[in-house]
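Asker: So that we are looking at the same thing, I have put the structure below in structure tokens.
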Amino acid sequence: VWQTIDSLKSVYPYHLVVSAGDNFGGSYFYRATRGELLPVFFAGLGIDLSAVGNHEFDDGQEQLAAKWSDSPLRPQSWNLEYVCANVRNASGSVPAFASPFTTRIIPLPGGDKITIGFAGLLASSTPLQASASRLAGLSFDGNYVAVLDSVKHLPGYEQVASADVRLLLTHVGTTMSHGHPVWDDMDATNLSSLSDATWHGILSSHTHQTVCGSINANNYPVVQGKWHGEYISILKITFDTSLRKVVSVAPEVCRVNPDMPLQSAARRFQQQVDSFLIDTKTDGGTPIGKMLTTASRVMVHDRDDKYCQTEVGELVCRSYAEAYRAAAHLSKREVIVGISHFGSIRAGFVKGPVSVLDVGETLPFSNKLRVFRLTGRQLRELVNFGLHNKTYGWIQTSWLGIERDAEGQVMRLSYVGPKGRKITIADDTPCCIVADEFMTRGGDGYPADFFAGLQEVTACDLPFTTDAFINYLGSFKTIGN
């Protein structure tokens, strides 16, 4: 990514580089290294402006406001400004960690310059995708059009109004439909009504799709560069400096070649990354470079094909169940079901060796495990709810046989445990479920009240989710057989 951006800068010397958000979390490497390399990366590339992503709240609002100030690697001269107009605190104001709008300057030859104005937006679905405790006091307005209109009346907005170019920097998702960009958001209808000629283009993110084209009746240029640094999003602006007028804005995506030769700055950064891979350990004490097992074939968990039970999802849920079974010293006969929301599992495995880092990128969020006792009927109701989660995808389970009727309603459950013994789960069958804390506190649309009504088991010392998965996979010579 660093080398690609440096190459683009050499082609386009009058440039500005910004981040689309999710600088916190979203990656196991980030969690394992506490994100200490990110300020080095951003400072080296000249990035000092970002959208607010939903993962910005993974470490809490205080850490978001601090912006790595306690990291020994943070360059002293570097700072990061977050821009977001539709998040509000309890007093109805934009919180101190963000600005509703801002401007940046691109110097031109002869002392001339171009001013770029930005307003920021964050997906209104954020409360469903972040821990409620970390969003305390915040609200996220999905009436994006009204928000953008209201910021025009705030003090200081004249700097944006008078800017040469005005862009929306958003952590709001788009996708491609029949060759054209469309909004992929809980409040897509509201976004589709945006028709303000103020804005010259939109930088999109959040949905992990490659998007390039125009959107809405105004044909706003919009671009989104997928995820994991696979693409760089570009809005290429042609500007008439005599008339002080935007001539055109062309959206482009530039694919990152992971095998391109690295020049000095990118090479130095790669060396820092490599040293972290060697020296960094998981919370459970395992070096992140350690090889755990071997995948005998490709094992797919595709977030765009989310209405299914995947074998990777089954493995993850088994690891949760077996972590509790071992910690509680329970026999193989006990009915223990691991469950997971689809979105916590970010990827599958390619064929070949599987390292701790590979596992972490599959299950990056490393949440606490929670255990609840419930009846067979309650388990059936939970599974039925999870198989009708239209927005976030199917619930993932382990050791569970599920029979559904023609309408897709769950009729019967059976338990086929580690020893292969099949047990029919009646309404009064005592069961245990093991899930990550995010899911049990309202994440991905699962009602927190449901789990609050169950009997929680708190006597066991359990590993976090990713370490449970690491420990479980380490017990196999191969997976995918």
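Asker: Within the stretch 437-448, is even one residue within 16 Å of VAL335 (Cα to Cα) and open to solvent by less than 50 Å² (accessible area, probe 1.4 Å)?
Answerer: Scanning the stretch 437-448, I find no residue that is within 16 Å of VAL335 (Cα to Cα) and open to solvent by less than 50 Å² (accessible area, probe 1.4 Å), so the answer is no.
Asker: Take GLU334 and decide whether it is within 16 Å of TRP399 (Cα to Cα) and either modelled with pLDDT of 95 or more or assigned to a helix (DSSP H, G or I) (or both).
Answerer: Judged against the criteria, GLU334 is not a match.
Asker: Can you give me the number of residues within the stretch 272-304 that are in contact with a strand residue (DSSP E or B) (Cβ under 8 Å, 6 or more places away or on another chain), within 29 Å of GLY44 (Cα to Cα) and open to solvent by less than 60 Å² (accessible area, probe 1.4 Å)?
Answerer: 4
Asker: Mind checking which residues of the stretch 1-21 are of a type in the set (Ser, Thr, Tyr), part of a helix (DSSP H, G or I) and within 25 Å of the chain's Cα centre (by Cα)?
Answerer: Scanning the stretch 1-21 gives a single hit, THR4.
Asker: Looking at the stretch 241-249, is at least one residue open to solvent by 60 Å² or more (accessible area, probe 1.4 Å), without any contact (Cβ under 8 Å) to a residue 60 or more places away in the chain, of a type outside the set (A, V, I, L, M, F, W, C) and in a strand (DSSP E or B)?
Answerer: yes
Asker: Continuing with this model, one more query. Which of the residues that make up the stretch 214-228 are under 19 Å from VAL165 (Cβ atoms) and either exposed (fewer than 15 other Cβ atoms within 10 Å of the Cβ) or modelled with pLDDT under 95 (or both)?
Answerer: Of everything in the stretch 214-228, those that are under 19 Å from VAL165 (Cβ atoms) and either exposed (fewer than 15 other Cβ atoms within 10 Å of the Cβ) or modelled with pLDDT under 95 (or both) turn out to be ASN218, ASN219.
Asker: One residue is enough: does the stretch 258-265 have a residue meeting the conditions in contact (Cβ under 8 Å) with a residue 60 or more places away in the chain, part of a helix (DSSP H, G or I) and open to solvent by less than 70 Å² (accessible area, probe 1.4 Å)?
Answerer: There is at least one residue in the stretch 258-265 that is in contact (Cβ under 8 Å) with a residue 60 or more places away in the chain, part of a helix (DSSP H, G or I) and open to solvent by less than 70 Å² (accessible area, probe 1.4 Å).
Asker: Ok, one more. Would it be correct to say that ASP22 is open to solvent by 10 Å² or more (accessible area, probe 1.4 Å) and out of contact with any His (no Cβ under 8 Å at 6 or more places or on another chain)?
Answerer: no
Asker: Could you name every one of the strands (runs of 3 or more DSSP E) located completely within the stretch 120-225 that has at least 2 residues being in contact (Cβ under 8 Å) with a residue 40 or more places away in the chain?
Answerer: 165-171, 201-203, 210-215, 220-225
Asker: Go through LEU135, LEU194, LEU122 for me and flag whichever is under 27 Å from LYS390 (Cα atoms), touching a Cys at 6+ places or on another chain (Cβ under 6 Å) and open to solvent by less than 60 Å² (accessible area, probe 1.4 Å).
Answerer: LEU122 is the lone residue from the list that is under 27 Å from LYS390 (Cα atoms), touching a Cys at 6+ places or on another chain (Cβ under 6 Å) and open to solvent by less than 60 Å² (accessible area, probe 1.4 Å).
Asker: Going by what's in this entry, would GLU311 be described as charged (D, E, K, R), within 30 Å of GLY420 (Cβ to Cβ), open to solvent by less than 60 Å² (accessible area, probe 1.4 Å) and at pLDDT 95 or above?
Answerer: No; evaluated as a whole, the condition is false for this residue.
Asker: Just to be sure, is TRP399 at positive phi and either touching a helix residue (DSSP H, G or I) at 6+ places or on another chain (Cβ under 9 Å) or crowded, with 17+ Cβ neighbours inside 10 Å (or both)?
Answerer: yes
Asker: Among the residues of the stretch 204-213, are any small (Gly, Ala, Ser) and surrounded by 22 or more Cβ atoms within 10 Å (Cβ to Cβ)?
Answerer: yes
Asker: For residues that are under 24 Å from LEU235 (Cβ atoms), of a type in the set (Asp, Glu) and surrounded by 14 or more Cβ atoms within 10 Å (Cβ to Cβ), tally how many sit in the stretch 138-166.
Answerer: 1
Asker: Looking only at the stretch 329-357, how many residues end up being open to solvent by 10 Å² or more (accessible area, probe 1.4 Å), without any contact (Cβ under 8 Å) to a residue 60 or more places away in the chain and either closer than 25 Å to TYR446 by Cα or touching a helix residue (DSSP H, G or I) at 6+ places or on another chain (Cβ under 9 Å) (or both)?
Answerer: 6
Asker: Test of understanding: among ASP467, ASP444, which residue is among the charged types (D, E, K, R), at positive phi, in contact (Cβ under 8 Å) with a residue 40 or more places away in the chain and part of a helix (DSSP H, G or I)?
Answerer: One residue alone meets the criteria, ASP444.
The values are calculated or read from the model by the stated rules, or taken from the named source; none is laboratory data. Note that the structure is a prediction, hence the values are computed from the model and not measured. No Cβ is skipped: glycine too gets one built from the backbone with ideal geometry, and neighbour counts run over all protein chains shown. Ligands, DNA and RNA are excluded from the accessible area calculation, which covers all protein heavy atoms including side chains. Shrake-Rupley method; radii C 1.70, N 1.55, O 1.52, S 1.80 Å.
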